[in-house]
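Everything on this sheet refers to the single structure shown next.
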Amino acid sequence: MRAVLKVVVCLFLLAAAPVAAAAQGAAAQPGRLRVVVTDPSDAVIPGALVSLFGAEGSTRAIVRTDVATDMEGTAVFDGLPAGRYNIQVMFDGFETVGVMDLRLKAGEQFRREVQLPIKRQEESVAVGRDAATNASDPKNGRFDTSLSKDQIDALPDDPDEMAAVLEEMAGPGANIRVDGFRGGRLPPKDQIRSIRISRDPFAAENHGSGLVHIDIVTQPGIGPLRGGMNFNFADDALNARTATQPSKGDMRNQMLGFNLSGTIVPQKTSFSVSLNGSSNYKAAEINARTLEGPVAGSLRQPSESFSFHGRIDHAVSKSHTMRGMLMANKNEAVGGVGGYSLQQQGIENQMQGATVRLSDTGPWGKSWLNETRLQIGFNSSDSRAVQEGQTIRVLDEFTGGGAQSRGGRDTTSLEFASNLDYARGRHAVRVGFLLEGDWVTSDQQTNYLGTFTFASLDDYRANRPLQYSVREGNPLVEYSQWQLGLFAQDDWRIRPNMTVSFGVRQEMQQNLDDALNLSPRFGFTWSPFKSGKTTVRSSLGVFNDWLESNTYEQVLQVDGVRQIDTIVLNPGYPNPFSGGTLQQGAPPSKYVMGDDLSMPWSVRASLGVQQQLRANMGGGVIYSYMRGYDRFRGVNINAPDLSLGGLRPDPAFGNITELQSTGGQKQHSVNVNMSYTIPAKRTFMFLNYMLNHIENDANGPFSLPADSSNLAAEWGPAAGVSRHQVGGNMSTVLFGRLNVNLNASWRSGVPYNITTGRDDNRDTVLADRPAGVGRNSARGDAIVTMGGMFSYSLGFGRRGGEGGPGGTTVIMRDGGGASAAASAPQQMVVMSGGPMAGSSRYSMNIFVNAQNLLNTVNWQGYSGVMTSSNFGKPSSASTARTVQMGVRFGF
């Protein structure tokens, strides 16, 4: 029935396509205008508001206002008849700029760059302009949050920590993309031009069903030669003690970075390079219990990292740009220790990789615009146990013995995508594809010496293990994984204040048999009032999810031939085969893929309203509902039947974990956001609240149920997801040079599972729950934290300025607020040359960055094992207050 529903919706959209095509054919050949907005350093400005007004009889009816620039700093106006136009551009903290008497030919693809100077006083003359009524472009950015430069500067310098903070800000399920590419590490902070958190991305060009996308755009090196160095330092002397430890653990962090950018060929070619390295060690906090009593302490875990990021941009013409990037990184670290894991569990990890990214953006003739990107990545990882030996695990008490980890993974990945835009009449059509591929060689191996699991410390004292498991064989596998997505979508402006969007996406994967995975999408964006301050958006669509390569790899490695799992119930100790229920020759366990495995999919609907409350204040709310089908889950299809004395359907095997497409999920989400700016004081504030009610029946592809014969009993809250989450950020400048950035968050406790700590149904899966207790039925305590960054800036010398783009350009005064629609007549002055205001040749920034500023104790890692003395108690506390100091120097 669900497949029929998908096909019916797709047929409806396909039937509508000829109607749209007829409407396009009836229209006159229109043109397209692309406005690129930059600041005085030639970096583009996302979120700037661009308004377009017809300037003569044939274009007088054209009025489009408050179209926000995208992550490339570009606002696009489609379906324009030939003639003259005026444009106006504004952004908080900058002068409002107008370009007068811009001429557009029939069918022409025209690109215009507008540079916004920093606000300053000027002599002026009065000029009038029309009021705005149009905020119905689905790409207008009204439902997005763009971080200011000060907010980006306040993010952690470490790319992994930065990603974690951004995901915390955006909410559960956020997808991070860098220059349109997904995957890989984040670039160094000095290479980041803009960060935008996009909500409700329903367009057919998007693959995932996540509610939020985090789009990061790196910056080109346009302009005169610029560069800088930065040094960060942190030491445990500046930190607070973690609540579970008797003393502060060892900690030191030293980071050094260098960046350089500039022009190679004026107006043509530019470059930017960045080198960053770090040498640090952190304290792994241990909070375990052994037969000798509690074990509390910290262990120094060192790490070293190095990264290179280089980029070249070349303008083939004014409207055609090519870009090339090279990124390389190397990391060495020791991990695996902390919480219940003792020092012997340490693992040395080494990772290195290189990524090449190429992109080309330019017109095809007068009516088409193409964007093509290619990414090739090479990544290698290797691990080695600090101590080899059998592992001893007492449930939620301690894990000791050898770590048992060796081998690695080599991956060559490819991503090739292309989007083609065509605008005609009231229609803006985009078609494209995404091709991704991985070639993988892996010999990662774990548990090759065996693990004894004990239900409690009393059982460990009595040498009475619950089970023994070992994975034997050769893990070496070589395989490829390909996936393809094709899409077509049309944004149809059916009225001046309403745009209807519809499209369809088709996806397929190499290692799945279902080739037909159509995903229809529909939505509308509507500005119901003449003021343009209110925007309503609604969407309905189908989204698919990929079979990840790691999941497929595990099935290949533990297939009963390459590797097998052997599990002995109630084994002897220290010789597992000296007693117990199953003796030497215990049947092996394996993983298999289900015969009818298909791509997971979901239906998602949303409704949102964004309101401009004042010129510098806005807010909105989005409600969404998602129902997931065919989610991947593991099911033990060879579980013993207790009614038959514990016999298995296939006595030649132990557990046969089958990867099935039988899982489901339901999600209700409400997101409320509000932002407030005071441009004159460089003050930015935003507040975000998210309600997430998510239920599903599996934690992951190989998360086995407590009872494989009763899958319905697995329905419960999604693991690790808070029901409520509130986050806020404020940045401001004091005394002209002191920048203060504060962030705070509160989230309710996450659910966790309660288990008996015994194998009650004798299926060797330690997930048995007490009678009447549902999955993930317990919840931990709420977590609240606050962080801050305080920086002081100094400038030396003066840099000569660069004039703005050619043509008749004016600076508008009085009305650079967020909504041009409601503004009164503006004041305008002709833009003059001269040095850029506020631009120094040399700059120095001294900063202090503190996390968990109030040193709040946040407990986490609650034990749900009833046989543990820690049952219902947290295993650790989150990091106490940490302080980092640093300096940045730029020229």
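The values are calculated or read from the model by the stated rules, or taken from the named source; none is laboratory data. A quick note: this is a predicted structure, and the numbers were derived from the prediction, not measured. Note that each Cβ is placed from the backbone with ideal geometry, even for glycine, and that neighbours are counted across all protein chains shown. Side chains are part of the model used for accessible areas, which takes the heavy atoms of the whole protein and leaves out ligands, DNA and RNA. Shrake-Rupley method; radii C 1.70, N 1.55, O 1.52, S 1.80 Å.
How charged is the neighbourhood of residue 413? Take every other residue with its Cβ under 9 Å from the Cβ of residue 413, and add Lys/Arg as +1 and Asp/Glu as -1.
For residues surrounding residue 413, the net value is -3.
Other residues within the sphere of radius under 14 Å centred on the Cβ of residue 882, judged by their own Cβ, net out at -2 (K and R +1, D and E -1). Surface calculation, 1.4 Å probe, protein heavy atoms: residue 369 sits at approximately 10 Å² accessible. From the alpha carbon centroid of the range 231-251 to that of the range 708-728 is 34 Å.
Over the range 592-695, the Kirkwood radius and the radius of gyration, each from Cα atoms, give a ratio Rg/Rh of 1.34. How large a share of the accessible area of the chain, in percent, is made up of carbon and sulfur atoms when the probe is 1.4 Å and the other protein chains stay in place? Carbon and sulfur: 58 percent of the exposed surface of the chain.
Once the Kirkwood radius over Cα pairs is known for the range 401-480, the Stokes-Einstein relation at 25 °C and 0.890 mPa s delivers a diffusion coefficient of 138 µm²/s. Computed with every protein chain present, the accessible area of residue 213 is close to 10 Å² [probe 1.4 Å]. Taking label points 7 Å from Cα along the Cα-to-Cβ direction, residue 441 and residue 300 give a separation of 3.7 nm. Judged by the ratio a/c of the largest to the smallest principal axis of the C-alpha gyration tensor, the range 220-347 counts as prolate, that ratio being 1.5 or greater while a/b is larger than b/c.
Of the GluC sites (Glu not before Pro) found in the range 300-395, the ones in coil according to DSSP and having at most 16 other Cβ atoms within 10 Å of their Cβ are 388. Maximal additional length on extending the residue 316-residue 889 stretch stands at 203.0 nm, based on 0.36 nm per residue less the C-alpha distance. Rounded to the nearest 500, the 222 nm mean residue ellipticity of the chain from helices alone is -2000 deg cm²/dmol, with -39,500 (n - 2.57) taken per DSSP H run of at least 4 residues. Over the chain, accessible surface divided per residue gives 42 Å², non-protein components excluded, 1.4 Å probe. The modelled label-to-label distance between residue 611 and residue 724, using points 7 Å beyond Cα along the C-beta direction, is 2.2 nm.
Rounded to the nearest 20, the size of the Cβ-charge dipole of the chain about its Cα centre is 3060 debye, with Lys and Arg at +1 and Asp and Glu at -1. Each 5 Å bin from zero holds the following percent of Cα-Cα pairs in the range 627-760: 2, 8, 13, 13, 12, 10, 8, 7, 6, 6, 5, 4, 3, 2, 1, 0. How big is D, in µm² s⁻¹, for the range 512-556 by Stokes-Einstein at 37 °C and 0.692 mPa s if Rh is the Kirkwood radius over C-alpha pairs? D = 228 µm²/s. For the pair residue 623 and residue 740, label points projected 7 Å from Cα toward Cβ lie 3.9 nm apart.
The relative contact order of the chain comes to 11 percent, based on Cα pairs under 8 Å that sit 6 or more residues apart. Please work out whether the range 519-668 counts as rounded, prolate or oblate from its C-alpha gyration tensor, where a ≥ b ≥ c are the square roots of the eigenvalues and a/c under 1.5 means rounded, while otherwise a/b larger than b/c means prolate and anything else oblate? It comes out prolate by the Cα gyration axes. Consider a paramagnetic label point 7 Å from the Cα of residue 433 along Cα→Cβ; state which residues of the range 365-382 have an amide N under 20 Å from it. Only 368-377 fall inside the zone, counting backbone N under 20 Å.
Only sites in a loop by DSSP and with at most 13 other Cβ atoms within 10 Å count here; which chymotrypsin sites (Phe, Trp or Tyr not before Pro) in the range 476-577 make the cut?
529
Between residue 356 and residue 577, what FRET efficiency follows from the Cβ-Cβ distance if R0 is 51 Å, with the result rounded to 0.05? Calculated transfer efficiency: 0.45. Between residue 595 and residue 250, the contour length at 0.36 nm per residue exceeds the alpha carbon distance by 119.0 nm.
Rounded to the nearest whole Hz, the Karplus-based 3J(HN,Hα) values (6.51 cos²θ - 1.76 cosθ + 1.60, θ = phi - 60°) of the range 258-271 follow the sequence 9, 9, 8, 8, x, 9, 8, 10, x, 6, 10, 10, 9, 9, with x at glycine and proline.
Only one residue of 454, 339, 795 has its Cα farthest out toward the positive end of the dipole of the chain, where Lys and Arg carry +1 and Asp and Glu -1 on Cβ, and that residue is 795. With both residues required to sit in the chain, DSSP beta bridges show an antiparallel share near 95%.
Membrane-span-like helices in the chain (whole DSSP H runs, Cα extent of at least 30 Å along the helix axis, mean Kyte-Doolittle hydropathy of at least 1.6): 2-26. Counting Lys and Arg as +1 and Asp and Glu as -1 over every other residue whose Cβ lies under 14 Å from the Cβ of residue 783, the net charge comes to +1. Here the gap between residue 760 and residue 529, fully extended at 0.36 nm per residue and compared with their Cα-Cα distance, gives a gain of 76.8 nm. Looking only at the range 392-406, which residues have a backbone nitrogen under 18 Å from a spot 7 Å from the Cα of residue 476 in the C-beta direction? Those under the cut-off are 406. Farthest toward the positive end of the dipole of the chain, out of 890, 550, 657, is the Cα of 890, where the dipole comes from beta carbon charges about the Cα centre.
Candidates 473, 391, 301 compared by Cα position along the dipole of the chain: farthest toward the positive end lies 301, with charges placed on Cβ.
In terms of overall dimensions, the chain has a Cα radius of gyration and Dmax of 29.5, 97 angstrom.
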